[in-house]
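Scroll down for the structure; my scribbles are underneath it.
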Amino acid sequence: MPPAQHSPHWHILGAGAIGSLWSAYWQQQHFATTVISRRHSGPRQLELIAPQSRFAFSQQQLTAVDLEQEIQQLLITTKAHQCLAAFNSIQHRLSDDAVIVVLQNGMAVNTLPTRAQQRLYAATTTDGAHFKNDKTLVHAGQGETYLGPINAYAKQLPADALMQQLPSALHLHYCLDIEQRLWRKLAINCAINALGVKYQCRNGELISNAAIRQELIDLCQEISMVAAALELGPWFDNLYQEVAKVAQLTHNNINSTLQDINQGKTTEIIALNGYLCDIAKSLQLATPLNQALLELVLANSPAQ
Ligand SMILES: NC(=O)C1=CN([C@@H]2O[C@H](COP(=O)(O)OP(=O)(O)OC[C@H]3O[C@@H](n4cnc5c(N)ncnc54)[C@H](OP(=O)(O)O)[C@@H]3O)[C@@H](O)[C@H]2O)C=CC1
Ligand SMILES: CC(C)(CO)C(=O)C(=O)O
């Protein structure tokens with residue numbers, strides 16, 4: 001079926017696992033999408049294996065140089081440390097009133113030099129997606145995605161106007177406190193990921209092993225201290241309990257930082273514990289546990 005008339009055309013910058021997942025579901029709804037790739041131009045045939053469905057889809061790929069069309073709607077799903085460079089590579093193609101959604105871990109969304117009337121949103125997800133091979137994408141866990149406005153112009157657009165453009169197969173929630181949600185995810189990742197690297201363990205062992213659990217509790221206290229100084233709210237007061245719930249729910253997971261290291265990839269650690277340590281420093285707070293874990297992960301990572 002051809003794309004519905006007047007349906008939005010989404011460009012996806014960072015078509016790895018999450019970006020391709022969104023592109024698959026958009027295509028299922030017959031929305032036009034274009035993937036902006038660092039390396040390739042041309043079509044790509046893929047298959048999505050999801051909890052409730054399985055279907056073939058294709059991606060139209062273009063490099064930033066080959067882009068001709070003005071971008072009106074942009075989803076950014078690079079890793080956090082890739083976000084600014086990726087954004088800068090396509091800036092000139094963005095319309096003055098483009099809608100930009102940044103879905104990734106960390107806070108890089110706050111560094112993007114958007115123009116005054118561009119609408120900037122951030123999103124955070126507990127969906128799980130990975131490529132089984134070059135052509136097969138797996139939507140491993142149906143999660144929840146929270147999305148909300150970052151700048152004043154985005155706040156002016158009614159939530160429905162944006163939500164009806166997004167894939168209906170995903171569990172999406174519009175929220176006005178998206179910064180708070182990003183911080184929650186950041187705190188959870190700061191607690192789980194580097195410690196998982198230190199002990200080379202799955203998430204569940206962080207709470208089932210008494211010695212590691214004590215380290216996790218201490219780490220959570222340090223993160224809560226920073227959150228308290230930033231007045232992020234009572235959710236962070238019982239951070240260990242929140243982290244333990246996530247570790248339990250994902251007990252069989254190898255966290256994404258450990259996976260990146262195992263695959264020889266650059267990790268997002270600078271955007272996680274690195275970001276937290278920088279904020280703490282600016283508040284004159286000491287975060288020795290986060291700092292030590294940051295250094296440990298960097299020492300185990302390929303060049304950042
Ligand atoms: N996968 C998951 O289950 C989850 C992921 N997340 C978060 O979502 C974000 C995306 O994760 P994920 O999809 O797994 O990551 P991937 O590494 O699979 O995807 C990132 C993509 O960005 C591309 N990219 C990087 N720089 C550029 C650039 N300058 N121009 C164009 N493309 C670029 C990469 O392309 P190249 O091939 O060229 O490197 C890659 O395809 C991360 O922040 C992650 O933490 C959150 C929850 C779950
Ligand atoms: C929640 C958690 C820790 C699940 O593994 C994650 O987001 C990650 O691995 O980055």
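The values are calculated or read from the model by the stated rules, or taken from the named source; none is laboratory data. All figures in this text were calculated on a predicted structure; none of them were measured in a lab. When we count neighbours, we look across all protein chains shown, and the Cβ atoms used for this are built from the backbone with ideal geometry, even at glycine.
Among the candidates Ser224, Ser208, single out the residue that is among the polar types (S, T, N, Q), under 25 Å from Ala286 (Cβ atoms) and more than 10 Å from ligand 2 (Cβ to nearest atom).
When all the criteria are applied, what remains is Ser224.
Regarding the range 230-250, can at least one residue be identified that is of a type in the set (A, V, I, L, M), within 16 Å of ligand 1 (Cβ to nearest atom), buried (at least 19 other Cβ atoms within 10 Å of the Cβ) and not in a helix (DSSP H, G or I)?
No: zero hits.
What is the one condition in (1) without any contact (Cβ under 8 Å) to a residue 40 or more places away in the chain; (2) closer than 14 Å to Ala187 by Cα; (3) of a type outside the set (D, E, K, R) that Thr287 does not satisfy?
(1)
Name the pairs whose Cβ atoms lie under 6 Å apart, with the first residue in the range 75-88 and farther than 18 Å from Arg119 by Cα, the second near ligand 1 (Cβ under 6 Å from one of its atoms) and not in a loop (DSSP other than H, G, I, E, B), and 6 or more positions between them or separate chains?
Thr78/Ala86
What pairs come up if the first residue lies in the range 44-59 and is assigned by TED's automatic domain parsing to the domain that holds Ser20, the second is surrounded by 11 or more Cβ atoms within 10 Å (Cβ to Cβ) and among the β-branched types (Val, Ile, Thr), and their beta carbons are under 7 Å apart, counting only those six or more places apart or on different chains?
Matching pairs, first to second residue: Glu47/Thr136; Ile49/Thr136; Ile49/Val138; Gln59/Val35.
Within the range 116-159, can you find the residues that are among the charged types (D, E, K, R), within 14 Å of ligand 2 (Cβ to nearest atom) and closer than 18 Å to Gln180 by Cβ? Working first, answer last.
Kept after step one, since they are among the charged types (D, E, K, R), are these residues of the range 116-159: 119, 127, 132, 134-135, 144, 155.
Next, from what is left, pick out any that are within 14 Å of ligand 2 (Cβ to nearest atom): 127, 144.
Of everything in the range 116-159, just one residue is among the charged types (D, E, K, R), within 14 Å of ligand 2 (Cβ to nearest atom) and closer than 18 Å to Gln180 by Cβ, namely Glu144.
Any residue that is assigned by TED's automatic domain parsing to the domain that holds Asn110, of a type in the set (S, T, N, Q), at pLDDT 95 or above and more than 16 Å from ligand 1 (Cβ to nearest atom) - is there at least one of those in the range 167-175?
yes
Can you pull out every residue in the range 24-43 that is free of Cβ contacts under 8 Å to residues at least 60 places away in the same chain, polar (S, T, N, Q) and over 22 Å from Asp97 (Cα atoms)? Full working, then the answer.
Kept after step one, since they are free of Cβ contacts under 8 Å to residues at least 60 places away in the same chain, are these residues of the range 24-43: 27, 30, 32-43.
From what is left, the residues that are polar (S, T, N, Q) are 27, 33-34, 37, 41.
Correct list: Gln27, Ser37, Ser41.
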